[in-house]
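The structure under discussion appears below in the form of structure tokens.
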Amino acid sequence: MKSVFIAGSRKFYLEIVKLLQLLKSKGINAKTAGEWDSSQQDTLESEKSALLRAFKEIDNIDFVYIYSKDGYIGKTVALEIAYSYAKNKPIISSETIEDFSAQALISGTVSPEKLVDYCFFKKA
């Protein structure tokens with residue numbers, strides 16, 4: 001079984017949390033950058049802290065899963081993709097990413113519905 005870091009835009013936070021809960025309920029070691037409180041104002045320090053947390057989690061997993069609904073990733077996820085690539089982590093996306101530079105670093109696509117099977121059976 002493979003461990004996974006899930007990255008995605010905050011626009012899709014609730015969907016990502018549901019996916020994270022599903023994976024964990026199946027016994028899969030799944031991580032994100034942490035909880036996000038939409039009522040809190042983002043600051044440079046909070047953004048830096050979240051990004052460094054993400055990098056630390058990426059260092060300790062087998063592959064990165066990009067939740068890219070409708071091809072959207074956002075700037076922070078683009079940084080997480082670049083970091084993952086530099087660390088030689090396989091990067092799988094839920095859909096084709098609209099940004100070509102980020103798309104070029106993706107190893108393949110797996111729908112959220114098939115991610116559990118991918119974690120159990122696919123060599124990352």
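The values are calculated or read from the model by the stated rules, or taken from the named source; none is laboratory data. Not measured: the values here are computed from a predicted model. Cβ sites come from the backbone with ideal geometry, for glycine too, and all protein chains shown count toward neighbours.
A compact table of results
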| item | result |
| --- | --- |
| Of the criteria (1) farther than 13 Å from Phe5 by Cβ; (2) modelled with pLDDT under 95, which one Cys119 fails | (1) |
| Number of the exception - Lys11 against (1) under 20 Å from Lys89 (Cβ atoms); (2) touching a residue at least 40 places away in the same chain (Cβ under 8 Å); (3) surrounded by fewer than 16 Cβ atoms within 10 Å (Cβ to Cβ) | (1) |
| Residue in the range 40-50 that is within 21 Å of Ala82 (Cβ to Cβ), at pLDDT below 90 and not in a helix (DSSP H, G or I) present | yes |
| Positions within the range 14-38 being part of a loop (DSSP other than H, G, I, E, B), loosely packed, with under 15 Cβ neighbours inside 10 Å and at pLDDT 90 or above, in sequence order | Lys26, Gly27 |
| Output for the range 37-78, where each listed residue is farther than 20 Å from Val17 by Cβ and of a type in the set (D, E, K, R) | Glu45, Lys48, Asp59, Asp62, Lys75 |
| Subset of the range 83-104 [under 12 Å from the mean Cα position of the chain (by Cα) and farther than 15 Å from Tyr13 by Cβ] | Tyr83, Ser84, Lys89, Pro90, Ile91, Ile92, Ser93 |
| Test set (1) modelled with pLDDT of 95 or more; (2) within 21 Å of Phe121 (Cα to Cα) - Phe55 fails condition number | (2) |
